[in-house]
Amino acid sequence: MSLEEAKQVAANYAVDNFVFNNSILGIGSGSTVVYAVQRLAERVETENLKVTCVPTSFQAKRLITKHNLPLGELDTNPVIELTIDGADEVDSKMTLIKGGGGCLLQEKIIASCSNKLIVIADYTKDAKKLGDRYKKGIPIEVVPMAYVPIKKKIEAMFGGKAKLRKAIAKAGPVVTDNGNFILDWVFPNTDFEWEKVNQDLTMIPGVVETGLFVNMCYKAFFGQPEGHVVERD
Ligand code: DER
């Protein structure tokens, strides 16, 4: 089974087993969630399922409207039953690294307004320790005017290297949906207490949010090469 098929089997499992009629859903960002929205659209079509979908990014909003799913927003739907989202890595304590797609701020806001956050991913995201598999570092969204002092503070406080995320199809840095920059902090191989690290990082003036999701994930589903799904919680 390919990685894409592994993503799809995880996405289908989550949508088929955790999405119920009249749900307010948070829709995450990235490539795995695309399969979840496709499956959701199939269920709406075949079962006349009633759902409202609250996006976590420009990409998620486009995905929802592309599939003619009812679009919601936090103003009118401040409490979300279930958010389905991807992740860059999940450790043994269910701490997530998110933000590989640059959408971590709205993803974390929506996750914080959700009764349950379910992560869907392929088997390469399942790790014992953060950093075992995902080597690009923890994404940290920062106010552009402060990215250099923030970078220096992070490196002084925790070691490693915090790199400004460069755009591919544009000269200069990636600019998020919220108009900010992203520093990818490649951290040293240390047994960090991630809840404390997350708190310390967010206390740095100019840090908007981190891609560390601590104690936020209800369950994670990993599609396997053999075609089945492994569930962790
Ligand atoms: O940016 C994000 O947080 C995405 O959810 C990312 O972590 C997962 O993206 P993928 O499904 O394309 O691997």
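The values are calculated or read from the model by the stated rules, or taken from the named source; none is laboratory data. Values in this document were obtained by computation on a predicted structure and should not be read as measured data. Note that each Cβ is placed from the backbone with ideal geometry, even for glycine, and that neighbours are counted across all protein chains shown. In case anyone asks, the SASA skips ligands and DNA or RNA and just uses the protein heavy atoms, side chains included. Shrake-Rupley method; radii C 1.70, N 1.55, O 1.52, S 1.80 Å.
What to note about this one:
- Convex hull of Cα atoms in region 30-166, direction-averaged projection (nm²): 9.8 nm²
- Evaluated with a Cβ-only charge set (Lys, Arg +1; Asp, Glu -1), the chain carries a dipole of roughly 780 debye about its Cα centre, given to the nearest 20.
- A straight Cα-to-Cα reach below 29 Å connects K66 with the lysines K7, K50, K98, K108, K116, K125, K166, K170, K219, residues fewer than 8 places away in its own chain not being considered.
- Of the residues R62, R43, ranked by 1.4 Å probe accessible area with the largest first, the sequence reads R62, R43.
- Restricting attention to the chain, close to 50% of DSSP beta bridges with both partner residues there are antiparallel.
- Build a GNM of the chain with springs between Cα atoms under 10 Å apart, and of G179, G223, G100 the one that fluctuates most is G179.
- Highest-MSF residue in the chain out of L69, L183, L82 [GNM, Cα springs under 10 Å]: L69
- Longest segment of the chain lacking GluC sites (Glu not before Pro) that sit in a DSSP loop with at most 15 other Cβ atoms within 10 Å: 74-192
- Apportionment of accessible area to carbon and sulfur, the chain, percent (1.4 Å): 54 percent
- All-pairs alpha carbon distance profile, the chain, 10 Å steps from 0, percent: 8, 33, 35, 19, 4, 0
- Solvent-accessible area of T76 with every protein chain in place, 1.4 Å probe, in Å² to the nearest 10: 100 Å²
- Take the chain with all the other protein chains still there, run a 1.4 Å probe, and you get 47 Å² of accessible area per residue.
- Estimated dipole of region 1-137 in Debye, rounded to 20 [Cβ of Lys and Arg +1, of Asp and Glu -1, Cα centre]: 360 debye
- Distance distribution P(r), region 71-128, all Cα-Cα pairs, bin width 10 angstrom from 0: 22, 51, 22, 4 percent.
- Divide the volume of the convex hull around the Cα atoms of region 151-233 by the residue count and you get 168 Å³ per residue.
- Highest-MSF residue in the chain out of A169, A11, A111 [GNM, Cα springs under 10 Å]: A169
- Once the mean of 1/r is taken over each pair of separate Cα atoms and inverted, region 99-220 shows a Kirkwood hydrodynamic radius of 15.0 Å.
- Pairwise Cα distances in region 111-181 exceed 20 Å in 51 percent of cases.
- Put the Cα centre of region 150-204 next to the Cα centre of region 55-88 and the gap is 26 Å.
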